[in-house]
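Report on one structure; see the data block that follows.
Here, each number is a calculation from the coordinates, and none is a lab measurement. None of these values were measured; they are calculated from a predicted model. Please note: Cβ atoms are built from the backbone with ideal geometry, for glycine as well, and neighbour counts cover all protein chains shown.
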Protein chains: 2
Amino acid sequence: MYPNWILQRASITPLRSALTYEGQTWTFQQVNELSLKRARQLTALGVQRGHRIAIMGPSTPALVVMMYACMHLQCEMVMLNRRLTQAEIAYQLEDSQATIVLVADEDVEKLPSSVPYHEFTAIENGKEQYVDIAKEWSLNQTTSIMYTSGTTGFPKGVRQTVGNHQASATASVLNIGLQADDVWLCAVPLFHISGFSILVRSLLYGNKVQLYEHFNVEAITQNIMDGDVTHMSVVAVTLERILNTLELNKAQASPRFKLMLAGGGPVPVDYLERASALHLAVAQTYGMTETSSQTATLASEDAMKKIGSAGKPLFFNQIKISAPNAQGEGEICIRGPHVTPGYIGRFAEKSATEEGWLHTGDIGYMDEEGYLFVVDRRADLIISGGENIYPAEIENVLLAHPAIQEAGVCGIEDETWGQVPIAFVVLKEAVTMENLKQYCEKKLAKYKVPKQIKIIDTLPRNGANKLLRRKLAALLASE
Amino acid sequence: MYPNWILQRASITPLRSALTYEGQTWTFQQVNELSLKRARQLTALGVQRGHRIAIMGPSTPALVVMMYACMHLQCEMVMLNRRLTQAEIAYQLEDSQATIVLVADEDVEKLPSSVPYHEFTAIENGKEQYVDIAKEWSLNQTTSIMYTSGTTGFPKGVRQTVGNHQASATASVLNIGLQADDVWLCAVPLFHISGFSILVRSLLYGNKVQLYEHFNVEAITQNIMDGDVTHMSVVAVTLERILNTLELNKAQASPRFKLMLAGGGPVPVDYLERASALHLAVAQTYGMTETSSQTATLASEDAMKKIGSAGKPLFFNQIKISAPNAQGEGEICIRGPHVTPGYIGRFAEKSATEEGWLHTGDIGYMDEEGYLFVVDRRADLIISGGENIYPAEIENVLLAHPAIQEAGVCGIEDETWGQVPIAFVVLKEAVTMENLKQYCEKKLAKYKVPKQIKIIDTLPRNGANKLLRRKLAALLASE
């Protein structure tokens with residue numbers, strides 16, 4: 001048995017800061033007391049220990065307290081993505097059989113009609129009812145359920161247990177170290193594993209979270225320059241915006257700032273080099289919903305030596321490449337105590353692993369020193385005239401062009417070649433199509449040069465700002 | 001399943017320093033390769049996976065490599081204390097049914113005759129045989145077995161599993177933090193949990209161990225002054241010698257030195273105050289063989305605020321006081337993943353815990369803020385005229401006297417009072433008995449004043465330098 005993280009943290013270091021949001025700070029004791037009160041209010045509304053409930057709201061302290069209240073009640077939290085359509089929400093509620101939705105007032109309108117819910121303010125103003133809070137949790141208890149968007153078919157609800165989250169947080173600390181006054185900046189959604197894992201680490205480590213509801217690039221860059229924070233989780237696109245802001249301000253990261261964890265897909269090498277010039281340590285990391293955050297992360301001493309690598313497996317887990325080709329590239333498989341025990345709902349019978357190995361659907365290789373390089377999503381692979389084309393490779397080339405802000409590449413059907421790549425770009429300054437084409441032809445083998453380059457305003461991304469390549473093709477179709 | 005710590009550490013950070021001894025340093029890769037070779041040599045000698053073997057030797061790299069080789073082979077290592085008599089060793093070998101003793105050449109003569117053994121140099125020079133090394137270990141696998149001296153009757157062989165050691169090391173890091181270049185000085189015996197847990201932490205954290213065969217106070221104090229090391233495990237008597245050396249040299253600890261973990265019994269308050277004056281951070285900790293090292297440790301921010309406390313439980317465990325008296329004092333009980341699953345040999349059937357709680361036999365209380373204060377060993381409690389007298393309290397008073405270097409107190413039978421306390425002291429300068437008596441009478445209630453004070457050269461201590469109070473009474477009897 002393991003302790004209730006919230007009670008234990010409040011008991012061990014009650015007066016340490018737990019959370020800062022818009023200038024206000026709460027200690028672990030305060031967060032605990034608020035969440036215990038909220039648990040009593042939820043109890044008065046009929047929420048019981050072990051219920052599966054859904055939860056939706058913006059990244060504010062109210063959501064943190066609501067999540068901790070549900071954890072006190074040992075509820076299984078179905079984390080609803082605020083960007084979902086009503087149909088998608090309806091699917092997840094039906095699949096998960098969540099008994100109720102706890103929803104921030106401003107998000108009520110996003111719910112399908114006839115769904116039972118409690119608004120945050122109604123809960124916060126409601127009466128309290130005594131409830132016995134368990135001091136201990138078991139490793140197998142499901143803490144959170146997150147639906148993976150998947151690439152085809154129905155999203156799957158992934159279980160993340162107490163043991164998964166604990167293994168992830170402890171393995172991470174063995175890699176990146178820990179000091180009592182570390183502060184993690186959270187501007188990634190709390191409903192996504194990238195954000196929720198920051199809360200878990202805060203509870204286990206006793207570190208403060210500096211929470212942002214939105215990705216406020218100016219304020220965040222200021223935090224990094226001032227050393228108000230020591231760690232931050234980013235994806236490529238948010239990293240680029242911070243780099244850009246630092247560059248515009250001719251500023252650098254404070255020496256107190258320790259590390260950017262960059263996940264959600266390969267980070268363009270160009271970004272890593274710009275970060276290096278700004279003395280901003282970036283560790284590329286590889287993880288997913290099924291592994292409750294990081295599986296591999298580049299250790300600090302390797303950051304500049306292995307640019308482009310996602311590093312080595314964290315201490316408690318293992319990685320292997322399944323059925324590698326002649327270049328050593330194959331499907332990335334993962335094993336360890338951080339790997340989900342499985343799914344809920346219609347996929348409850350489907351095993352998440354084969355002989356203990358999670359087959360990720362991602363393509364990568366390990367170099368001779370054991371460093372993982374993630375090449376691309378297998379589902380996004382473009383096969384053109386028998387050649388494998390990795391969209392990320394073409395995107396990397398495009399992103400190094402001075403006029404290009406963001407880039408996304410996908411394959412479309414082609415009578416001659418089976419598939420051919422096309423590109424979508426967001427510009428930061430004007431450029432001719434001829435210039436872009438010549439640039440690509442200089443940098444890429446002919447079969448990799450995008451057959452079309454489309455200029456658009458924004459790329460389709462998910463709640464974690466991760467590029468959704470399969471939606472690119474749909475953009476073209478809808479033209 | 002969890003990784004083989006040695007393989008995993010060598011795979012993740014092969015080139016980091018693992019061990020320094022007498023000026024020579026080995027990386028994790030080197031330590032791994034040496035221990036794999038040693039595992040093959042042990043295999044050639046008939047040692048097989050899962051065998052229970054005994055191991056004895058001084059704290060040298062040869063012993064570390066031998067232990068790691070046994071861990072590669074997933075052997076259950078019975079750690080023999082080098083100070084034991086032949087009769088005591090014979091008991092442990094018979095009770096544990098160890099198949100073989102792996103013994104440092106210089107320790108062969110300590111073994112009872114007719115015990116099967118392999119000398120270290122014979123193993124190191126022997127031939128190799130291929131053996132398949134498991135990449136994964138289970139949490140329930142027994143890594144080490146250590147006999148607790150116990151207070152009466154037969155010593156018990158305590159199992160320490162992979163899960164116990166992992167929980168201890170990860171809970172410790174959540175308390176004291178971690179940096180990649182931390183270095184732990186080990187001058188406590190490797191056969192004792194205080195020393196072996198330093199090796200475990202080194203493997204999990206990727207930190208270097210600076211190993212000493214003997215407690216060389218000059219060299220160790222120099223390491224602390226120079227910042228060659230960041231952490232060290234001490235007991236009260238070794239802490240005092242370091243303090244004394246620092247004071248004589250009018251020196252202080254390097255700012256790079258982070259923390260002394262002081263265990264093995266209460267540390268006199270006088271020492272903590274002297275350490276504070278020397279800018280040497282000391283965290284009193286509470287642990288034992290059955291908990292694979294620390295259960296509670298004072299957090300850095302509380303070090304000076306709660307002098308005399310062993311702190312709060314580490315993150316993964318819990319402490320309660322059983323059957324407390326009016327002052328809140330009672331038996332300290334412990335629960336958590338670091339608590340042994342039980343014993344071997346003649347105590348294999350004896351449960352180590354009651355409803356998951358280990359009853360320690362130690363007396364303590366928790367203050368209103370949840371800090372643990374360890375008062376004394378229950379077995380050492382002196383009951384005099386119905387009053388409880390804690391030897392540690394009297395020892396603390398004696399140790400604050402400028403002429404006294406070490407002090408030990410025990411009870412002897414008394415016709416009038418049932419028991420009365422007597423004291424044994426080691427002097428650092430000449431003092432009259434009259435002076436000592438008056439000093440005690442000024443500082444202690446009458447019933448606590450030792451009825452006799454004996455001056456002796458050394459106090460009886462175990463292999464971990466822990467005072468053995470039950471041997472004090474024997475000293476008196478043997479006079």
Could you list, bin by bin from short to long, the percent of Cα-Cα pairs of region A:195-264 in 5 Å steps? 3, 16, 27, 29, 16, 6, 2, 0
Where in region A:370-437 are there GluC sites (Glu not before Pro) that are in a DSSP coil and have at most 14 other Cβ atoms within 10 angstrom of their Cβ? A:Glu415, A:Glu429
Shielding by partners, peptide A:10-22 (average Cβ within 10 angstrom, other chains): 2
Fewest-first ordering of A:Ser113, A:Ser17, A:Ser194, B:Ser254 by Cβ atoms within 10 Å yields A:Ser113, B:Ser254, A:Ser17, A:Ser194
Using only the alpha carbons of region B:381-477, determine the length spanned along each of the three principal axes and report them from longest to shortest in whole angstroms. 34, 33, 21
Which whole number gives the average, over all residues in B:134-140, of C-beta atoms from other chains lying within 10 Å of the residue C-beta? 1
What are the membrane-span-like helices in chain B by this rule: whole DSSP H runs, Cα extent along the axis at least 27 Å, mean Kyte-Doolittle hydropathy at least -1.0? none
Using just the helices of the protein assembly as shown, give the 222 nm mean residue ellipticity in deg cm²/dmol: DSSP H runs with n ≥ 4 each add -39,500 (n - 2.57), and the total is spread over all residues, rounded to 500. -9000 deg cm²/dmol
Could you run the Debye sum over the Cα atoms of region A:2-137, one equal point scatterer each and no solvent, and tell me log10 of I(q)/I(0) at q = 0.14 Å⁻¹, two decimals? -0.63
Select from region B:379-456 those trypsin sites (Lys or Arg not before Pro) which occupy a DSSP coil region and have at most 16 other Cβ atoms within 10 Å, ordered by residue number. B:Lys428, B:Lys451
Any number yet on Rg/Rh for the protein assembly as shown, C-alpha, Kirkwood? 1.01
C-alpha center-to-center spacing [region A:233-306, region A:378-412] in angstrom: 21 Å
So if I average 1/r over every pair of distinct C-alpha atoms in region B:58-132 and take the inverse, what Kirkwood radius in Å does that give? 13.2 Å
Taking B:Lys135 as the anchor, which aspartates and glutamates have their alpha carbon closer than 12 Å to its alpha carbon, excluding any fewer than eight residues away along the same chain? none
Can you pull out the chymotrypsin sites (Phe, Trp or Tyr not before Pro) in region B:56-165 that DSSP calls coil and that have at most 16 other Cβ atoms within 10 Å? B:Tyr130
Based on the inverse mean of 1/r over its pairs of different Cα atoms, what is the Kirkwood hydrodynamic radius of region A:329-406, in Å? 15.1 Å
The lysines whose Cα lies under 27 Å from the Cα of A:Lys448, excluding any fewer than 8 residues away in the same chain, are A:Lys306, A:Lys428, A:Lys437, A:Lys466, A:Lys471
Could you work out the mean count of beta carbons from other protein chains within 10 Å of each residue's beta carbon in A:168-177? 5
The aspartates and glutamates whose Cα lies under 16 Å from the Cα of A:Lys454, excluding any fewer than 8 residues away in the same chain, are A:Glu395, A:Glu406, A:Glu429, A:Glu434, A:Glu479
Lone cysteines in chain A, going by a 4.7 Å Cβ-Cβ cut-off? A:Cys186, A:Cys333, A:Cys410, A:Cys440
Gyration tensor (alpha-carbon) shape descriptor, region B:20-95, a/c threshold 1.5: oblate
Cα Rg, Dmax, chain B, angstrom units: 22.4, 70
In what order do B:Ser384, A:Ser197, B:Ser35, B:Ser59 fall by count of nearby beta-carbon atoms within 10 Å, going from fewest to most? B:Ser384, B:Ser59, B:Ser35, A:Ser197
Mind jotting down the distance between the C-alpha centroids of region B:189-207 and region B:413-479, whole Å? 35 Å
Region B:164-379: equivalent-ellipsoid semi-axes (sqrt of 5 x gyration tensor eigenvalues, Cα, Å): 29, 20, 15
Mean shadow area (nm²) of the C-alpha convex hull around region A:312-453 is 11.7 nm²
Test of understanding: ordering A:Leu475, B:Leu203 by Cβ neighbours within 10 Å, fewest first, what list do you get? A:Leu475, B:Leu203
Need the C-alpha centroid separation for region A:122-178 versus region A:63-96, integer Å. 11 Å
By the Cα gyration tensor axes a ≥ b ≥ c (a/c under 1.5 gives rounded; else a/b larger than b/c gives prolate, otherwise oblate), the shape of region B:272-321 is prolate
